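Colleague: Supplied in C-alpha cells, the structure appears directly below.
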Amino acid sequence: MVVSRNNQKLTYWARHKMTMQFLYAMNFLHNHKVCHRDLSYKNVLIHAYRDGGAFTVKVSDFGLAKEANSDLTSTGSAMKGSITDPALGSFKDFAPVNDIYAIGFILSYIFTGGERLFINDSRLSSLIQKCSANDPEKRYQNVKDIIEEMKQMEDPEIARKPFSDSSKSQ
C-alpha cells in the first residue's frame, strides 16, 4: 500500500476517499456472496495517477476467495493473509463477518500508516474497534453499515470527536 511510504503526505480527505473505495469494493463482493478470505495490507493496492491527486483502490489476490454456497475449500487450505480472525474456528466456516475483522485492521492502516490497531476515544476509532472486535456478534454484520457510518465522518472534525459526543448530535 502506498499509505506507508507517503503517510505524512496524505490528507484526511484522501484517506477517507481510499477507505470508501475499499469499502465499496468489499461491499460489492459480499453483495455477490463472495468472501475474500485473504485480506491483508498487501492485498489492497493503490494506483496513484501522475496528475497529483487522483488514485484508485483495488482489492487483489482472490486465490482463496469463496462463493457462499461453494464447497470447494480443500481440507488442507489455510489462511495466508496477515490478518486472521481469532474467532474463526475453521477456514471452511468463513463468512463476511470474518472479512470484516480484517477490514478493521486495514481501515486502521489507511488512517494511521501503521499496522497496530488505532485506539482512542474518537468516533473513527470506535468504528475500527467495532469491525475488529474479537467477538463476531459485536462486529458490524455487513459492509454497508460500515459505509453508512464512514459517510458521516467525511469531515475530520466529526471523526475526531468522541463517539458519545458525535452520536448526540445526530
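Colleague: A 22 angstrom limit on the alpha carbon distance is what I want to check against. Which of Lys17/Lys138; Lys9/Lys130; Lys33/Lys58; Lys92/Lys130; Lys17/Lys144 exceed it?
Modeller: Lys17/Lys138; Lys9/Lys130; Lys92/Lys130
Colleague: Can I ask one more? Using DSSP to call loops (not H, G, I, E or B), can you name the trypsin sites (Lys or Arg not before Pro) in the stretch 100-133 whose Cβ has at most 11 other Cβ atoms within 10 angstrom?
Modeller: Arg116
Colleague: Just to make sure I understand: if all protein chains stay in place, what is the order of Asp51, Asp85 by accessible area at 1.4 Å, largest first?
Modeller: So the residues, ranked largest to smallest area, are Asp51, Asp85.
The values are calculated or read from the model by the stated rules, or taken from the named source; none is laboratory data. Owing to the predicted nature of the structure, the values given are computational and were not obtained by experimental measurement. We place every Cβ from the backbone using ideal geometry, glycine too, and count neighbours over all the protein chains shown. To get the accessible areas, we keep the full protein, side chains included, count just its heavy atoms, and leave off ligands, DNA and RNA. Shrake-Rupley method; radii C 1.70, N 1.55, O 1.52, S 1.80 Å.
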